[in-house]
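The values are calculated or read from the model by the stated rules, or taken from the named source; none is laboratory data. Since the model is a prediction, treat every value here as computed from it, not as a measurement. Here Cβ is always computed from backbone atoms with ideal geometry, including for glycine, and neighbour counts include all displayed protein chains. Ligands, DNA and RNA are excluded from the accessible area calculation, which covers all protein heavy atoms including side chains. Shrake-Rupley method; radii C 1.70, N 1.55, O 1.52, S 1.80 Å.
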2 protein chains.
Amino acid sequence: MNKVITISREYGSGGRELGIKLSEAFGIPFYDKELIALAAQDGKVEKSILQINDEVSPDLTSYSSYAVPPHYQIAMSHQIFDLQSKVIRELAAKGPCVIVGRCADSILDDSFNLFIYSDIKYRVQRKREIDRDTPPAKMEEFIRSIDKKRKEYYEYYTGKIWGMASHYHLCLDSGLVGIDGCLETALAYIKHVN
Amino acid sequence: MNKVITISREYGSGGRELGIKLSEAFGIPFYDKELIALAAQDGKVEKSILQINDEVSPDLTSYSSYAVPPHYQIAMSHQIFDLQSKVIRELAAKGPCVIVGRCADSILDDSFNLFIYSDIKYRVQRKREIDRDTPPAKMEEFIRSIDKKRKEYYEYYTGKIWGMASHYHLCLDSGLVGIDGCLETALAYIKHVN
């Protein structure tokens, strides 16, 4: 694989796991939350601020809040997006790697773009395997809230519809075949990419 | 494969070709335009009417036309959709097969749903391989007009957005890997479907 692989994902569908497996299969670096630490190295924005605002678009519904004025929120959100975009472009310039989320598919020009998703039932089940304390209904609510944030972030910064097949080269429902099934499918596709 | 395979497709992306190859791989029947002949056997709507209205939603913009009153257009369109839906359900009840287009993914409850697409450049090139007389710009215009009809038809009858990844189990950009690449990828995925 001579391209950067970007993975966009619905929360709980296994995007991070698939990304790790793909990076291992090709022996290339993997970046997901690791991008936050790399962006923090720049020194312009504190790591804690980067963590809180990771993949979050400015909340334009909170105009009435005096705590964080909207123009400050927007400026900060844009600064973080620009910083992460710079880091993503620098990583891509070094050679093939796997990048999860953060609009990388839209930031890079010649990446191989993958989208992974599945029905809510499968995602609740997957997430509850590592967190039995959260009841299914509460977990579903949480999953939907993260998806909403990812969707808003993607659409705010790219102007494109999140999850529209034509933005990606390959879209995989992990619910029907699991992460290993997605891995084998992605490898079969990538084998044919020039 | 113990499920019906449905294929939704952007015009010129190779949905029909992929469907034929999949039906050959599994030794199961293939239906695309063949559905028109099957629907005509019912005798309720003439074959020529079925052909003209195949995958076309009622044109609600032509209210000013006195030739075909809108209520008649809508009634006919619904009758044809119901007829094709009935044929699709009857075929599915007989056992696994491949069905291209005609909202089959939405009509059937337990099908394996595939979406195939690619950028317009690749599709113009593919279509011009069998029709050199049509200039590229004209071909592009024609392709976009067919896509528009398919999109309108799908969205009118299903209430869902055409080409949204989550409506399908697997979405393939044929431009990057060709039809054989799509076939191998689909087979890799289907191998893991229970």
Among all helices in chain A defined by DSSP H, which have a length of 20 Å or more along the axis from Cα atoms plus a Kyte-Doolittle mean of at least -1.0?
A:70-94, A:174-190
Singleton cysteines, chain A, no second Cys beta-carbon under 4.7 Å -> A:97, A:103, A:182
What is the Cα radius of gyration of region A:1-138 over 2.2 N^0.38 Å, N being its residue count?
1.18
Would you please give the residues with an amide H less than 5 Å from that of residue A:30, counting only those at least 5 places away or on a separate chain, with H modeled from the backbone geometry?
A:98
Using DSSP to define loop residues, name the trypsin sites (Lys or Arg not before Pro) in region B:124-194 whose beta-carbon has at most 16 other beta-carbon atoms within 10 Å.
B:132, B:160, B:191
Reduced to Cα centres, the span from region A:4-25 to region B:3-25 in Å works out to 27 Å
Using a label point 7 Å beyond Cα on the Cα-Cβ vector, give me the inter-copy distances for residue A:149 in nanometres, one decimal, shortest first.
4.6
Please report the Cα spread of region B:128-167 along all three principal axes, rounded to whole Å, starting with the longest.
37, 18, 14
From other protein chains only, count the Cβ atoms within 10 Å of every residue's Cβ in A:110-118, then give the mean.
2
When each copy gets a label point 7 Å from Cα toward the beta-carbon at residue B:42, what are the spacings between them in nm, shortest first?
5.9
Amide H within-cut-off set for residue A:6, under 5 Å, with H built and near neighbours excluded:
A:99, A:112, A:113, A:114
Under the definition of Cα pairs under 8 Å and six or more residues apart, what whole-number percent is the relative contact order of region A:63-146?
16 percent
Per-residue SASA entry for residue B:142, accessible area with 1.4 Å probe, Å² rounded to 10:
90 Å²
Rounded to a whole number, the mean other protein chain Cβ count within 10 angstrom for residues of B:153-165 is 3
In a Debye calculation with equal point scatterers on the alpha-carbon sites of region A:103-194 and no solvent, what is log10 I(q)/I(0) at q = 0.13, 0.19 Å⁻¹?
-0.55, -1.02
Given 0.36 nm per residue, what is the gain on full extension from residue B:119 to residue B:41 after removing their alpha carbon distance, in nm?
24.4 nm
At 10 °C and 1.306 mPa s, the Stokes-Einstein diffusion coefficient in µm²/s for the protein assembly as shown, with hydrodynamic radius from the Kirkwood sum on alpha carbon pairs, is 69 µm²/s
From the backbone phi of region B:106-116, what are the Karplus-calculated ³J(HN,Hα) couplings (6.51 cos²θ - 1.76 cosθ + 1.60, θ = phi - 60°) in whole Hz, Gly and Pro given as x?
8, 6, 8, 8, 10, 8, 9, 10, 10, 10, 10
If I take every Cα pair under 8 Å that is 6 or more residues apart in chain A, average their sequence separation and divide by the length, what percent do I get for the relative contact order?
35 percent
